[in-house]
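Right, one structure below, let's go through it.
The values are calculated or read from the model by the stated rules, or taken from the named source; none is laboratory data. All values reported here derive from a predicted model rather than from experimental measurement. Note that we place each Cβ from the backbone using ideal geometry, even for glycine, and neighbour counts take in every protein chain shown.
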Amino acid sequence: MFLPDLLKGKTILVTGGGTGLGKAMGHRFLELGADLVICGRREQVLKDTAAEFDRTFKGRTGWHVCDVRDPGAVEAMVEAQWRRAPLDALLNNAAGNIAARSETLSTRAIDAVLGIVLHGTAYCTWACGKRWLAEKRRASVLNIVATYAWTGCGYVVPSAMAKAGVLAMTQSLAVEWGGRGIRMNAIAPGPFPTEGAWSRLVPRPDLAREIETRNPLGRPGRHEELANLASYLLSDQAEYINGECVTIDAGRWLKGAGQLNFLERLTDEEWAMMRPAKKN
Ligand code: NAP
């Protein structure tokens with residue numbers, strides 16, 4: 001669907017790029033010609049993913065061990081990366097989440113989620129952004145949020161708070177930095193099964209089926225669908241898109257929001273009974 005060199009010449013950092021959706025998006029960026037940098041806390045995971053990518057895209061994947069909650073570690077990672085090759089794009093994808101009754105969460109648990117998703121995203125964005133601005137380098141940031149950034153969601157409240165903050169950051173910096181060559185967008189994915197998210201958030205197979213199929217298309221998202229959207233938004237072809245959050249969820253959150261969408265459960269007979277009686 002894209003020219004094979006859509007992202008050629010771009011070096012893209014994907015936080016949390018060693019696993020799940022970050023890995024899928026990184027793979028697609030490589031296919032489209034980009035050089036890739038991934039980061040996360042687990043060295044072996046990063047090494048394995050980089051080695052896997054290297055088999056097809058030799059020498060085009062770098063990695064840094066970095067806990068994005070630590071501003072010093074983020075600064076050191078970005079500085080080291082700049083010495084090697086300045087970045088052209090940042091994909092803030094790393095996240096942590098805890099499914100729990102909110103009253104049982106410790107303050108440490110709240111801090112952990114806010115620290116990764118909200119603070120970590122800000123630290124990475126600032127570390128890259130100030131360099132881009134100083135160098136007058138055109139660049140692009142993409143933030144992975146969730147539709148509960150605007151609907152809110154029980155049982156994952158710190159994550160919903162953090163994603164809402166990331167969305168506000170996206171819209172705010174899009175205006176502040178847009179005129180200086182830095183685009184800032186977000187994607188809100190619906191259910192895209194990954195080992196990480198599913199093991200944390202979906203405790204039973206019947207619930208997995210529910211989260212994956214309760215949308216107008218009746219199926220979960222395919223990783224390549226998300227990866228194509230991310231590739232387009234980071235490409236120069238999307239230059240006029242700034243401050244936008246694109247939802248890719250098959251209409252799932254709208255289905256939950258529309259007050260009368262429950263009528264889909266009516267049978268043909270019930271619909272027939274609902275028809276207004278003809279006059280005379
Ligand atoms: P995942 O595989 O668990 O990915 C999370 C990644 O973040 C891991 O690679 C993890 O690596 C990294 N990470 C966590 N804490 C970190 C830290 N402190 N510093 C640096 N890296 C850290 O989950 P996923 O499903 O692919 O999720 C990816 C993104 O999509 C997240 O932003 C998530 O909120 C969003 N999302 C996913 C879905 C879905 O259906 N899957 C839906 C909506 C939104 P380490 O553990 O090695 O650090």
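Here are some notes:
- Test: residue in the range 150-162 that is more than 16 Å from the ligand (Cβ to nearest atom) and surrounded by 14 or more Cβ atoms within 10 Å (Cβ to Cβ): no
- Just one residue in the set Gly129, Gly221 is assigned to a loop (DSSP other than H, G, I, E, B) and not charged (D, E, K, R); that residue is Gly221.
- Selection from the range 255-280 of residues that are modelled with pLDDT under 95 and part of a loop (DSSP other than H, G, I, E, B): Arg275, Pro276, Ala277, Lys278, Lys279, Asn280
- Residue in the range 38-59 that is closer than 20 Å to Cys128 by Cβ, more than 10 Å from the ligand (Cβ to nearest atom) and in contact (Cβ under 8 Å) with a residue 24 or more places away in the chain present: no
- Count of residues meeting criterion [crowded, with 24+ Cβ neighbours inside 10 Å, closer than 26 Å to Arg252 by Cβ and away from the ligand (no atom under 14 Å from the Cβ)] in the range 92-140: 0
- Applying the set (1) within 13 Å of the ligand (Cβ to nearest atom); (2) crowded, with 21+ Cβ neighbours inside 10 Å to Asn185 leaves exactly one unmet item: (1).
- Qualifying residue in the range 4-21 (condition: within 16 Å of the ligand (Cβ to nearest atom) and part of a helix (DSSP H, G or I)): yes
- Some residue of the range 223-245 being surrounded by 16 or more Cβ atoms within 10 Å (Cβ to Cβ), more than 21 Å from Ile12 (Cβ to Cβ) and within 14 Å of the ligand (Cβ to nearest atom): no
- Taking the conditions (1) in contact (Cβ under 8 Å) with a residue 40 or more places away in the chain; (2) buried (at least 20 other Cβ atoms within 10 Å of the Cβ); (3) within 16 Å of the ligand (Cβ to nearest atom) in turn, Leu32 satisfies each one other than (3).
- Filter result for Glu210 (more than 30 Å from Gly9 (Cβ to Cβ) and surrounded by fewer than 19 Cβ atoms within 10 Å (Cβ to Cβ)): yes
- From the list Trp82, Trp63, the lone residue that is in contact (Cβ under 8 Å) with a residue 40 or more places away in the chain and crowded, with 19+ Cβ neighbours inside 10 Å is Trp63.
- Residue in the range 141-151 that is free of Cβ contacts under 8 Å to residues at least 60 places away in the same chain, assigned to a helix (DSSP H, G or I) and of a type in the set (Gly, Ala, Ser) present: no
- Any hit, the range 209-217, residues being part of a helix (DSSP H, G or I), in contact (Cβ under 8 Å) with a residue 12 or more places away in the chain and touching a strand residue (DSSP E or B) at 6+ places or on another chain (Cβ under 9 Å): no
- Within the range 170-192, residues that are under 12 Å from Ser140 (Cβ atoms) and touching a residue at least 60 places away in the same chain (Cβ under 8 Å) have Cβ atoms under 6 Å from residues that are in a loop (DSSP other than H, G, I, E, B) and polar (S, T, N, Q) in these pairs: Ala174/Asn242; Gly178/Asn242, counting only partners at least 6 apart in sequence or on another chain.
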